[in-house]
Amino acid sequence: MQAVVILFSSRRRVTFALFLAIGILSAGEGVFDRNCVPCHRREKVSLRRTFMNALLVYSGEKNMKAGLAYFLRYPSVSTSVMGEEYFRTHRLKAPTKLSDKELAEALDTYWKRYKVIGNLE
C-alpha cells in the first residue's frame with residue numbers, strides 16, 4: 001500500500017511540475033507572441049518585411065502604430081502596407097478582436113522588436 005501512495009505522490013509531483021513549467025513558459029509570452037506571430041507564421045508572411053513596409057509608409061513610431069492599429073481594426077486592401085500584388089496570393093485578415101489595451105501592447109512589442117535604431121550593436 002505504501003508503494004502505491006509513493007507512486008501516486010510521484011505522479012502528482014510530475015504533473016504539478018509539468019503544469020508549473022507550462023505556466024512559466026507561457027507567462028513570458030505577450031499579446032504579440034500569442035496573437036500576431038502564429039498567424040504570420042501560418043500565412044508565411046515575414047513580420048520584419050511587414051515592419052519595413054509599414055515604416056516606409058508611416059515613417060515614424062507614432063504614425064506607424066496609429067496606422068497599423070487602424071488597419072487591424074478595419075482591414076482593407078487600400079489601407080494595407082503590403083500593396084495590391086500581395087493580395088493575389090494572400091487573404092485579407094479579419095478585424096482584430098484584441099482590446100485597445102492589448103492592441104497597444106502588441107504594437108509596442110512589434111516596434112521594440114523590429115526597430116533598427118537602438119537594436120544595432
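The values are calculated or read from the model by the stated rules, or taken from the named source; none is laboratory data. Predicted model only: the values in this text are computed from it and were never measured. When we count neighbours, we look across all protein chains shown, and the Cβ atoms used for this are built from the backbone with ideal geometry, even at glycine.
Is one or more of the residues making up region 33-53 touching a Gly at 6+ places or on another chain (Cβ under 9 Å) and either modelled with pLDDT of 95 or more or of a type outside the set (A, V, I, L, M, F, W, C) (or both)? The answer is yes, given that some residue of region 33-53 is touching a Gly at 6+ places or on another chain (Cβ under 9 Å) and either modelled with pLDDT of 95 or more or of a type outside the set (A, V, I, L, M, F, W, C) (or both). Taking the criterion of being hydroxyl-bearing (Ser, Thr, Tyr) and either under 16 Å from residue 54 (Cβ atoms) or surrounded by 12 or more Cβ atoms within 10 Å (Cβ to Cβ) (or both), the residues of region 79-98 that qualify are 79, 80, 86, 96. Of the residues making up region 78-121, those that are among the aliphatic types (A, V, I, L, M), modelled with pLDDT of 95 or more and either part of a helix (DSSP H, G or I) or more than 23 Å from residue 44 (Cβ to Cβ) (or both) number 4.
Which residue pairs have Cβ atoms closer than 9 Å, lie 6 or more positions apart in sequence or on different chains, and pair a first residue in region 61-72 that is within 17 Å of residue 105 (Cβ to Cβ) and at pLDDT 95 or above with a second residue that is surrounded by fewer than 19 Cβ atoms within 10 Å (Cβ to Cβ) and of a type in the set (Asp, Glu)? As it stands, the answer is 65/108; 69/100, since those pairs meet every condition given.
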